[in-house]
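Down below is the structure, laid out as structure tokens.
The values are calculated or read from the model by the stated rules, or taken from the named source; none is laboratory data. No experiment lies behind these values; they were computed from the predicted model shown. Here the Cβ positions follow ideal geometry from the backbone for every residue, glycine too, while neighbour counts run over all protein chains shown. These area figures cover heavy atoms from the full protein model, side chains too; ligands, DNA and RNA do not enter into them. Shrake-Rupley method; radii C 1.70, N 1.55, O 1.52, S 1.80 Å.
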Amino acid sequence: MGSSAVVVSGFQLGFGSALLTVVLERFAKLGGYSWELIRRIWGMDKELRKLQRALSKIQVLVEYMECSSINLFGGSNAWQMWYEDLRKVAYDADTLLDHIFLRLSTFEHSSSVNQENQFISRVIPSIRNLKLPFDISEMQRKLDNLLKEMESLSMIERVRKEVFEIDSTISFGLPDSSSTKSCFMDHKTMVGRTRDKENILHFLTRSEQNHFSVIPVVGMAGIGKTSLARFVYHDKQMSNWFQWIIWVSVTTDFDVVRIMRSMIEHLTFKPCTLSELDSLQATLQNILYARKFLLVLDDYWSETYEDWDILSSSFRFRSKGSRVILTTRSLKVSSIVNSSEAYTLGILSNDDCWELIKQTALLSPQASENLEPIRGQIAEKCQGLPLVAKTLGSMLRFKSSAMEWESISKTELWDMLEARKIFHSLAKSYLLLPPHLKRCFAYCSIFPKKHKYDVDELVLLWMGEGFIQPLGPNRLEDVGRHYFDELYSRSLFHLSVNTTPSQTIYEMPDLIHDMARLVSRDVCFHGTSDCYPLFGNICHLCVLHDSTQPLILKAYEKNERLRSFIIMCPNPESRGEFDDELFENCKSLRVLALKNLDITELPSSFDELNHLRYLDLSENPIPRLPECICKFVGLQTLKLRNCRELNQLPRNMKIMFNLRHLELDEECRLRLMPVDLGRLIGLQTLTLYVIGIGINRGHGIEELRDMNSLGGSLCIRNIQFVVNAVNAMEAKLDMKKYLTTLELQWTPLMDDSLARDQRMSEQVEVLKNLVPHTNLKEMVIKNYCGTIYPDWLSDRERKFTRIHLEVLKYCNKLPTLGELPYLKTFVISRMPSLESIDDEFFGRGDGVKFPSLESFELREMLALSEWKNESISGMPCLITFKIDGCPRLTSLPPTLLSRLPISEISGCPSLEDNLERYG
């Protein structure tokens, strides 16, 4: 971002304590048995505890100074240098502790209590080479020096503060409780909010709602919540509709006594000296009793229900028809105040922003006309936020020439001294985050603006960096999603227009992204491949390569603390070239993503990445992975999507006990899975399981038996190798309650197979015993060669929303699916033995058939000639009906004839002729 007019350090923005929290959480992960091992192997448990205490002491001091009203860090190069030294030591300590944790957890996992003596004798010679005593002593020395330096710098800063009145360029502390916003407004015309105002007024004045109600106005910083509330507050209708109209600024420091005093003073026009909560509540209740009032609670931050309960107890009862407008950045507040009608405020258009700039800058018509060529550039800079538009307008009021305006249009906001107000407003959202959310938020700046965030993917990256900590029995992934929900509820993300019913995508507003870059500027960096490798001491790096020219990746010396290395290649023709020594100086990497680089093999230095937690090699023609991956015992996520040339996984993956997500392409060339993969009972994602032929033990479907944490989608391939129904039952698919999609694939039988009838019978029994959990949403069956459907497929207790049947060669009828209550999509294709569809498909009982079905498709049903169905009450919700490649089909049942306007029919000449003939 260059040299910014808004100069901050990690301390000023609370990043110091967030960083130290990560390191101290490493200590928390060392259980009692681990401490015992450290004592028995090195005799260094006391020294390690001392190191922990030193880090804790520094964290306490840093947190104190971050929250201090004295700005100890403003503009001090000494503090910046001290912080850089601390950051380096903290990352080094984290790497050392992670090394210990991984090595000890490996042995703990592979040992048992009965073999403890044998285990210790094996551990001691194996991990003494960590040189732990020397490393701990050296780190303790550095921390002692940092503590002494910190105490000296603190003393100097306090003396300077007492002796000199330092007018800092900008104060980064949170505003105190006296910092309020006035309800008074200027008399400029409201810009771009007429519809919003009308909507709020309609809510406030609708007569059918005669009970007390609250409407939260929600939006990010600077979007104009307070301004909108002011316009509503001063509308003439309010005095006609309400007996009392009250405005209170709440602010970040929620003080219920101050708020109630303010309300009483507003209503009585007298100072209020009451300090007891009971007295304040009683007084306020008496004043408001049986009166209809409008209360505006501006800038409401508290997400604690108890705060709202105490405050509202004075006015929410016996206040029929009364209303509360509450402006907030938090969606969570809506549920706390029991409101189902939160009003989310959107951004302004560029035209509205330009109008607001003109108003604030007091532009004459002639000046406005002269600036017309660059109005778009200046308005775009506002990013739809009235606060930015007004700030730019104030700046431009004193700029007379078009050249000065053009210069401002090309300058980053953060490089403008006048942008302090914008930063203050945005910074509150960040400063009030707890440490675990601060680091997660800051990490998002590793991606460029307009990046489309997939929550599940982002959570896996946070997990890889160790940002997500266990919370009771909850899965880390669920805790991480809760983290994101917290950030979203605070208006730090918004839904993307790219969101689809199957995938929810989020974006970070541009100004929020700028703030994220600012708070993480010495830690996270993203840029184009032109700037590689100029990233200094950056810890998290994302490189954007959008060229057909190869990306040359070489080893550099300044990479030793690099934790994330992500390459984004949107160009399908992209490719990369690596030095064999690329990772020699990146041994602390936790996250590595090398997608779409035309990789066929990894550099030899790859085997040094023992700390790796997340590896994404998707969209590469890599045929096999190196065996060294199996020693990366901390690896949690391995992504190999669209690696269709992949034909072999590392043989010893069964020892990767921390692996939680293994994503494979369903069309890859794998012929079988690594032996004994079923030992990885912590796997939560396994997109493909390829069954090996029966003589290979450890490759069968029964390996899935204990993988009951599997979720998402699972494709099981080569089911023809399961010849025993008992083996099918041993897969225990009915225990996989987190799975949402299950695809079962066989290989088609040869028509001239002598044992074809026997194989067909076996497949019937196998499918009968592959009973999924009742939570399953989507079911796909391909190349099944049996003739009978299992009963569970038609069970009305099932929660199927989508069923896809493809290449069922010998089935001459469809399963009974009409009574499935949740089925929304049904697709059947290439069933050469199916000649007719009758009532059995719909079901013979009473009631509406296919009550939820929205989409129905038939493809390439070459033998289908008739469709007989007497029901006229089926498929009431049908939206899409497609028939393609059914040349012998001549008619449709009445149920579907009535849906012809929404039908797509092709490749069905007989049907099309009849429909045209009989209209």
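Which condition number in (1) within 23 Å of Asp94 (Cβ to Cβ); (2) touching an Asp or Glu at 6+ places or on another chain (Cβ under 8 Å); (3) at pLDDT below 95; (4) surrounded by 19 or more Cβ atoms within 10 Å (Cβ to Cβ) is the one that Asn537 fails? Only one criterion is unmet by Asn537, namely (4). Scanning region 575-606 for residues that are part of a strand (DSSP E or B), touching a Pro at 6+ places or on another chain (Cβ under 7 Å) and not small (Gly, Ala, Ser), we see that the one that is most open to solvent (accessible area, probe 1.4 Å) is Glu577.
Residues of region 541-574 that are part of a loop (DSSP other than H, G, I, E, B) and among the acidic types (Asp, Glu): Asp546, Glu560, Glu573.
Restricting to region 361-391, name every residue that is under 39 Å from the mean Cα position of the chain (by Cα) and either touching a residue at least 60 places away in the same chain (Cβ under 8 Å) or open to solvent by 40 Å² or more (accessible area, probe 1.4 Å) (or both).
We begin by selecting, within region 361-391, every residue under 39 Å from the mean Cα position of the chain (by Cα); these are 374-391.
Those that are under 39 Å from the mean Cα position of the chain (by Cα) and either touching a residue at least 60 places away in the same chain (Cβ under 8 Å) or open to solvent by 40 Å² or more (accessible area, probe 1.4 Å) (or both): Arg375, Gly376, Gln377, Glu380, Gln383, Gly384, Leu385, Pro386, Leu387, Val388, Lys390.
Checked against the criterion of being hydroxyl-bearing (Ser, Thr, Tyr) and in a loop (DSSP other than H, G, I, E, B), the candidates Thr273, Thr226, Thr283 yield just one match: Thr273. Evaluation of Phe398 against the conditions (1) within 20 Å of Arg517 (Cα to Cα); (2) assigned to a loop (DSSP other than H, G, I, E, B); (3) open to solvent by 30 Å² or more (accessible area, probe 1.4 Å) shows that the sole unmet condition is (1). Looking across region 387-412, the residues that are hydrophobic (A, V, I, L, M, F, W, C) and at pLDDT 80 or above come down to Leu387, Val388, Ala389, Leu392, Met395.
Name the one entry in Phe881, Phe826 that is under 38 Å from the mean Cα position of the chain (by Cα) and over 20 Å from Ser794 (Cα atoms). Give the derivation first.
Values: Phe826 fails: over 20 Å from Ser794 (Cα atoms).
Only one candidate qualifies: Phe881.
Please find, within region 215-241, the residue that is surrounded by the most Cβ atoms within 10 Å (Cβ to Cβ) out of those that are within 12 Å of Ile325 (Cα to Cα) and basic (Lys, Arg). For region 215-241, the residue satisfying everything is Lys225.
Taking strands (runs of 3 or more DSSP E) that do not extend beyond region 793-868, which have at least 1 residues that are in contact with a strand residue (DSSP E or B) (Cβ under 9 Å, 6 or more places away or on another chain), modelled with pLDDT under 95 and small (Gly, Ala, Ser)? Please lay out each step first, then the result.
Working: elements: 802-806, 825-829, 855-859.
Per the criteria, 855-859.
Here Tyr453 meets each of (1) of a type in the set (Phe, Trp, Tyr); (2) more than 10 Å from the chain's Cα centre (by Cα); (3) surrounded by fewer than 21 Cβ atoms within 10 Å (Cβ to Cβ) with one exception, condition (2). Scanning region 742-759 for residues that are crowded, with 18+ Cβ neighbours inside 10 Å and either aromatic (Phe, Trp, Tyr) or modelled with pLDDT of 90 or more (or both) returns Leu742, Glu743, Leu744, Gln745, Trp746.
Restrict the check to region 467-476 and report whether at least one residue is touching a Leu at 6+ places or on another chain (Cβ under 7 Å) and within 24 Å of Ser330 (Cβ to Cβ). Give the steps one after another, and end with the answer.
Of the residues in region 467-476, the ones touching a Leu at 6+ places or on another chain (Cβ under 7 Å) are 468, 470.
Still in the list and also within 24 Å of Ser330 (Cβ to Cβ): 468.
Yes: region 467-476 contains one or more residues that are touching a Leu at 6+ places or on another chain (Cβ under 7 Å) and within 24 Å of Ser330 (Cβ to Cβ).
Among the residues of region 229-259, the ones that are in a strand (DSSP E or B) and of a type in the set (Gly, Ala, Ser) come to 1 in all.
Just one of the listed residues (Val827, Val780, Val766, Val771) is on the phi < 0 side of the Ramachandran plot, open to solvent by 30 Å² or more (accessible area, probe 1.4 Å) and β-branched (Val, Ile, Thr), namely Val771. With respect to (1) open to solvent by 40 Å² or more (accessible area, probe 1.4 Å); (2) out of contact with any strand residue (DSSP E or B) (no Cβ under 7 Å at 6 or more places or on another chain); (3) not in a helix (DSSP H, G or I); (4) not aromatic (Phe, Trp, Tyr), the lone exception for Glu341 is condition (2). Within region 509-524, the set of residues being in contact with a helix residue (DSSP H, G or I) (Cβ under 6 Å, 6 or more places away or on another chain), open to solvent by less than 20 Å² (accessible area, probe 1.4 Å) and either assigned to a loop (DSSP other than H, G, I, E, B) or among the basic types (Lys, Arg) (or both) comprises Ser520 only. Filtering region 607-622 to residues that are under 28 Å from the mean Cα position of the chain (by Cα), assigned to a loop (DSSP other than H, G, I, E, B) and of a type in the set (A, V, I, L, M) leaves Leu609, Leu612, Leu617. Among residues of region 266-285 that are over 10 Å from Ser314 (Cβ atoms), those with a Cβ under 6 angstrom from a residue that is open to solvent by less than 50 Å² (accessible area, probe 1.4 Å) and not basic (Lys, Arg), sequence gap 6+ or separate chain, pair up as His266/Ile246; Leu267/Ile287; Cys272/Ile264; Leu274/Leu280.
For region 527-540, the criterion of being free of Cβ contacts under 8 Å to residues at least 60 places away in the same chain, farther than 23 Å from Ser445 by Cα and either in a loop (DSSP other than H, G, I, E, B) or not basic (Lys, Arg) (or both) is satisfied by no residue at all. What's the number of the only condition in (1) out of contact with any Asp or Glu (no Cβ under 9 Å at 6 or more places or on another chain); (2) closer than 22 Å to Thr740 by Cβ; (3) surrounded by 17 or more Cβ atoms within 10 Å (Cβ to Cβ) that Ile803 fails to meet? If we test Ile803 against (1) out of contact with any Asp or Glu (no Cβ under 9 Å at 6 or more places or on another chain); (2) closer than 22 Å to Thr740 by Cβ; (3) surrounded by 17 or more Cβ atoms within 10 Å (Cβ to Cβ), just (1) comes out false. The residues of region 270-300 that are under 30 Å from Leu433 (Cα atoms) and crowded, with 19+ Cβ neighbours inside 10 Å, listed by number, are Leu295, Val296, Leu297, Asp298, Asp299, Tyr300. In region 644-686, what residues are surrounded by 21 or more Cβ atoms within 10 Å (Cβ to Cβ) and among the polar types (S, T, N, Q)? The answer is Thr685, and nothing else.
Out of the residues in region 885-911 that are closer than 19 Å to Ser836 by Cβ, assigned to a helix (DSSP H, G or I) and open to solvent by 20 Å² or more (accessible area, probe 1.4 Å), state the one that is modelled with the highest pLDDT. Walk me through it before giving the result.
Our first condition is that a residue be closer than 19 Å to Ser836 by Cβ; within region 885-911, this holds for 885-897, 905, 907-911.
From what is left, the residues that are assigned to a helix (DSSP H, G or I) are 894-897, 909-911.
Filter again for open to solvent by 20 Å² or more (accessible area, probe 1.4 Å), leaving 894, 897, 909-910.
Working: Pro894: 74, Leu897: 74, Pro909: 92, Ser910: 89.
Per the stated criteria, the residue is Pro909.
Quick check on region 434-441. Is at least one of its residues open to solvent by 30 Å² or more (accessible area, probe 1.4 Å) and part of a strand (DSSP E or B)? No, region 434-441 has no match at all.
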